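One structure is given below, encoded as structure tokens.
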Amino acid sequence: ASVNTTMKGLVFGVKEAKSVLSFIALTHGIFLFYTSPTLSTIPYAPPGNSVIPEAPLTRSNPKTPQPFRPLIFGAGFGTTATHAIFHATCELNLNSLHYHRQCGFGGSSQKDWSQASLPEPGLLAQMRLQRAYRSLVTCIFEANSGGSEMCPSVKQTLNTMRRHIDAVISSRDVDAIHDVPYPEFAYYIIDAAERIRGTKPIIVLSTRNPDDWATKRSTNHQIDVVCKLNMTDSNGVTQPIGQNMYWCIQTALQNGLGDNSIVNILSHIQHFGSTTEEIMARTLSGSVQFYQDKMEEMSQYSVNLFERNPRLDPPQIALEINAETKLVPDVASVTTLSVRTLIPTFGMFNERLCMPGWIAAFTSGRHCNNLVVFLNFRDSGSTSITEYLRSFGLFHNPRINAYPQKYGELNLGNGINVSTRTRSNLRIGSSTGKSRVSDSSFWGSLYNRGLDIVSLEENFVTAEDYPSLSHTYKITQIRNPWERFVGTYVRELELKCNDGASTESCHDEYSIKKWISPYKEQMALEEKEWEEIFYPNYYVRMLNGMADSDALLTRDHLEAAKARLSSFDVVLIREDDDKINLEKLWKLFGSFKYVDPEKALTLNSNNLKCNGSREQPICKQIRGDSDLKTSFEDHNILDIELYQFARELGNVVKAERQSV
């Protein structure tokens, strides 16, 4: 089917996949018609295929999928009040996506998106699309700035963007899409929505005076990409394409530029040669004028909020949209969806060791090309690290080995059998009798299902399973053993003694002297839930995957722990300056660039009860008892040596850029 409209007696057609964009539009009502290459002449990966094979993204696979709902397409370019239109669709109880924000996903749960074991399909597809788009934009920016990194070809750009867009449209939990990069690919989206969902999208359009829009956009969004190519009408008049990326790519294909780098046809506003701001504003104004004219003819609802007086707020816009589209039978009965941040901080990144290059980042839509495994030593400041990594927009399972019930949610298949004694180091049984985590495919399956980071807090993997982590990135943070022990004790003591009982008697009952004593003495204590995190030589025991073992540790265990720690990609020291730790993280994950300032790593963990202004009085009391510290050191000789070894590792980041 095609979407046909008539303007000034000229037929405008957007065909199905075999006849794309049979026109290129010029400003002021002048049009250039041409026959573009069919999609079948360009290698194209169908929806669901990608360079990195993806496992099913849903937590469950219903036998009968729910029918697709019509897609609501917020087709206005950024800076035309797209946020207001987005909030309006949220008012209508529609699961909506807008660049780095979302509403409606996660149900009634207030749990942060990044804490879910598996991201919801729509969120995951949006994250992949946004990461891919920003990787493309960054690659072009780097190339314009003199960088040598290779960027994708014109054909690669088209195929990859189509695949990521198809993934969003194919997600049944997505109702509405807004903002970049959707307007830049508007005519492809119109076609794809009908092809995938079986019905034309409902277009809601925010508009703005083209001159005002162009001035604002060229001034405040200089990292926007603009097409370098021009179009020439039958009278020989040359006109620009502007920010319509899909039109730009199709024009390049028509001119035989499909194998050229995308840098040859797209540039950032601030790198657009010697073009003055005035000329750039005219370029953008003309292209958006035509775009808005054509989209208004196809839209079910269109509004210029800058010219409405009084200005509308989102609930009023929602009522107007519903009046035109009849999306909600009884609008008074719907519940407004809360807007949440999808990507806490989403700017441009520099190169990073955990991704081999911009083409790989663009193709996969991932931040790293392998799973990140974070060994979370209790009360070592790890929460501040995970909070920082979440600001990269990484999906994170906070404690994969803490709750056996999560295994079912991760959809690992039948035959899951988790032993009570060995659950914490992920000794997951199977019908074959082989531990799942001894196979690297287990960790690869978590990555393919959408997770970027998993934290191991209860224990680490056993010696026989450690080789399975060879294709993951491993990071950890270690702290002075005595300070970790004191902080952990004070935190657990606070939790144990907060039930209203006498604090003094509670502290006496759970005296720290009991927990400094050797392992066998601890086993005689009644409070078993404390035992693992207070065992002597906790670090060495964890690194050997023996946090729940009653075996005595030897120097052989210490040497094994050193070997494992040496193989980690990043080892942070809690006592080091934050700048040193940040530089280690930046080498692996990249740093925020151009848009966002270098962020400081801050102590925001609720677990650190013996630090700074939140220090508890009992901390000073314990630290002032030299006999306690001496006793601790006598029982933790291996951990103290391991900590010194970790400090001597220096600022080494072991990761190397790997091919996908």
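The values are calculated or read from the model by the stated rules, or taken from the named source; none is laboratory data. Note that the coordinates shown come from a computational prediction; the quantities given were computed from them, not determined experimentally. Cβ atoms come from the backbone with ideal geometry, glycine included; neighbour counts cover every protein chain shown. Heads up: the accessible areas ignore ligands, DNA and RNA and are worked out on the full protein's heavy atoms, side chains in. Shrake-Rupley method; radii C 1.70, N 1.55, O 1.52, S 1.80 Å.
Mind listing whichever residues of the range 452-487 are surrounded by fewer than 23 Cβ atoms within 10 Å (Cβ to Cβ) and in a loop (DSSP other than H, G, I, E, B)? Those that are surrounded by fewer than 23 Cβ atoms within 10 Å (Cβ to Cβ) and in a loop (DSSP other than H, G, I, E, B): E457, E458, T462, A463, E464, D465, S470, H471, T472, N480. The condition of being β-branched (V, I, T), under 25 Å from the mean Cα position of the chain (by Cα) and not in a strand (DSSP E or B) holds for I385. Here L158 does not qualify as within 19 Å of C368 (Cα to Cα), among the aliphatic types (A, V, I, L, M), open to solvent by less than 20 Å² (accessible area, probe 1.4 Å) and over 12 Å from the mean Cα position of the chain (by Cα). Only one of the numbered conditions (1) surrounded by 14 or more Cβ atoms within 10 Å (Cβ to Cβ); (2) out of contact with any Cys (no Cβ under 8 Å at 6 or more places or on another chain); (3) at pLDDT below 60 is not met by A655, and that is (2). Pairs meeting the criteria (first residue in the range 371-391 and over 19 Å from L565 (Cβ atoms) and open to solvent by 10 Å² or more (accessible area, probe 1.4 Å), second residue modelled with pLDDT under 85 and assigned to a helix (DSSP H, G or I), beta carbons under 6 Å, at least 6 apart or on different chains) are R390/S114. On the stretch given as the range 175-186, residues that are open to solvent by less than 10 Å² (accessible area, probe 1.4 Å) and out of contact with any Ser or Thr (no Cβ under 8 Å at 6 or more places or on another chain) total 5.
Which of the residues spanning the range 239-272 are more than 15 Å from S287 (Cβ to Cβ), modelled with pLDDT of 90 or more and touching a helix residue (DSSP H, G or I) at 6+ places or on another chain (Cβ under 9 Å)? Answer for the range 239-272, where residues must be more than 15 Å from S287 (Cβ to Cβ), modelled with pLDDT of 90 or more and touching a helix residue (DSSP H, G or I) at 6+ places or on another chain (Cβ under 9 Å): A252, L253, L257, G258, D259, N260, S261, I262, V263, N264.
Do we have A323 as in contact (Cβ under 8 Å) with a residue 40 or more places away in the chain, among the aliphatic types (A, V, I, L, M) and either in a helix (DSSP H, G or I) or surrounded by 20 or more Cβ atoms within 10 Å (Cβ to Cβ) (or both) here? No. Of S170, S153, all but one fail to be at pLDDT 95 or above, open to solvent by 10 Å² or more (accessible area, probe 1.4 Å) and within 22 Å of R197 (Cβ to Cβ); the exception is S170. Of all positions in the range 411-418, none carries a residue that is over 30 Å from H83 (Cβ atoms) and at pLDDT 80 or above.
Which members of the range 284-341 meet the condition of being aromatic (F, W, Y) and within 34 Å of the chain's Cα centre (by Cα)? Once the filter is applied, which keeps residues that are aromatic (F, W, Y) and within 34 Å of the chain's Cα centre (by Cα), the range 284-341 yields Y291, Y301, F306.
Taken together, I223, I203, I196 contain a single residue that is open to solvent by 10 Å² or more (accessible area, probe 1.4 Å), touching a residue at least 12 places away in the same chain (Cβ under 8 Å), touching a Ser or Thr at 6+ places or on another chain (Cβ under 6 Å) and among the β-branched types (V, I, T), which is I196. Considering only residues that are over 20 Å from L493 (Cα atoms) and at pLDDT 65 or above, which ones fall in the range 593-626? Passing the criteria: only S626. Picking from residues in the range 557-581 that are open to solvent by less than 10 Å² (accessible area, probe 1.4 Å) and part of a helix (DSSP H, G or I), the one that is modelled with the lowest pLDDT is N581.
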